[in-house]
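Before any comments, here is the structure.
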Amino acid sequence: MVSTGQITGMALTILLPLLAAVIPYILICRRSSKIETGMVGAVCYGFLGFFWQQLIYMMLIVFLSNIGAVYRLLNDNFIISAVVYAALCSIFVALGMYWGIYLTNQKQHSLFRSAVIGIGFGLGSVGWNIWVFYGMSLYESIRINMGVFSGEEKLRASILATSTGSMLLDAYKFILLLLIYLGVALLMGKHYLGGMKKIAWAVPIFVQLFISLTNAILRQYVPDPAQKIVFYLILTILAAASVCLVYRWLKTGEVTTEIKKQQ
């Protein structure tokens, strides 16, 4: 039997990132509702941007892995492997986010819609990494408890062995990433609308490159649980900086100024 705590943990892991996305979305919409619409569409651009860039990135990784010389080089040299994978991931993240910001500013420039691209992109990451996996786990857990589970025993054992703490840590990680993407999208939007498109490209590349390389280095050289503690601490600091950036943007007169300039 799957415990009530485990089932609750799965449900919270699915719901908490959604709540983390809804709160900043509502705050931004409250400031933008009297000026413009189209916020839902911008979130959708961000969501789709994550999915197509992730699919292409994964296909590229599979393609490279099937090239013998490339596979051996990446498999035998950690530094080269970490840099290549981090660089590719960063470039595709930038492509996905920039695509959304470009599309949402085609008819009317909007820093509000640019910012919520980050919420949509973060939700895409949550959907890809959290909702699919834990949604299926929750469904199979209910079937196990009802006595109608018909899957492999390996899947049953995996579900039963998953702790509530590890589920909530997964939720926390992707909440932090969502908040980081929100701040990144805001900075991208500012520079894109200000005509500094090279900087708009550089922001997500730099941030994602830092996150990916840090994660790879910690996983290689630092044992658990210290590796996870340090990585989560770094993500927390980045997310806190992102929240402060967005909070300052919403609380100062910068919102009104940006909209007047765009009009």
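Here are the numbers:
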quantity: Per-residue ³J(HN,Hα) for the stretch 230-240, Karplus 6.51 cos²θ - 1.76 cosθ + 1.60, θ = phi - 60°, Hz, x for Gly and Pro; calculated: 5, 5, 5, 5, 5, 4, 5, 5, 5, 5, 5
quantity: Selected from 187, 123, 138 as most flexible by GNM, with the chain as the system and alpha-carbon contacts under 10 Å; calculated: 138
quantity: Residue with peak Gaussian network fluctuation, the chain [Cα springs, cutoff 10 Å], from 205, 26, 91; calculated: 26
quantity: Range of Cα positions in the chain per principal axis (Å), largest first; calculated: 61, 48, 32
quantity: Gyration tensor (Cα) of the stretch 146-263, equivalent ellipsoid semi-axes in angstrom; calculated: 38, 19, 14
quantity: Environment charge of residue 107, counting only residues whose C-beta is closer than 14 Å and scoring Lys/Arg +1, Asp/Glu -1; calculated: 0
quantity: The chain, accessible surface, carbon-and-sulfur percent (1.4 angstrom probe); calculated: 69
quantity: Principal axis dimensions, largest first and in whole angstrom, of the stretch 1-107 by Cα; calculated: 57, 53, 20
quantity: Spin-label pair residue 36/residue 248, simplified geometry with 7 Å Cα→Cβ offset, distance in nm; calculated: 2.2
quantity: Inverse of mean 1/r across different Cα pairs in the stretch 30-163, Kirkwood, Å; calculated: 17.9
quantity: J(HN,Hα) series, the stretch 82-98, from Karplus relation 6.51 cos²θ - 1.76 cosθ + 1.60, nearest Hz, glycine and proline x; calculated: 4, 5, 5, 5, 5, 5, 5, 4, 5, 5, 6, 4, 4, 4, x, 6, 5
quantity: Value at 222 nm in deg cm²/dmol, rounded to 500, when DSSP H runs of n ≥ 4 in the chain each add -39,500 (n - 2.57); calculated: -29000 deg cm²/dmol
quantity: The chain - accessible surface per residue (Å², probe 1.4 Å); calculated: 52
quantity: Assigned charges on the beta-carbon of Lys, Arg, Asp, Glu; the chain dipole about Cα centre (debye); calculated: 880
quantity: Within a Gaussian network of the chain (alpha carbon springs, distance under 10 Å), most fluctuating of 16, 27, 178; calculated: 27
quantity: More than 23 angstrom apart: percent of Cα pairs within the stretch 89-219; calculated: 46
quantity: Long-range HN-HN contacts of residue 2 with modeled amide H, under 5 Å; calculated: 145
quantity: Whole-percent pair-distance distribution, where bins are 10 Å wide, for the alpha carbons of the stretch 181-248; calculated: 20, 41, 27, 11, 1
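The values are calculated or read from the model by the stated rules, or taken from the named source; none is laboratory data. All figures in this text were calculated on a predicted structure; none of them were measured in a lab. Every residue, glycine among them, receives a Cβ derived from its backbone with ideal geometry; neighbour counts consider all protein chains shown. For the accessible areas, the whole protein counts, side chains as well, though only heavy atoms, and no ligand, DNA or RNA atoms are used. Shrake-Rupley method; radii C 1.70, N 1.55, O 1.52, S 1.80 Å.
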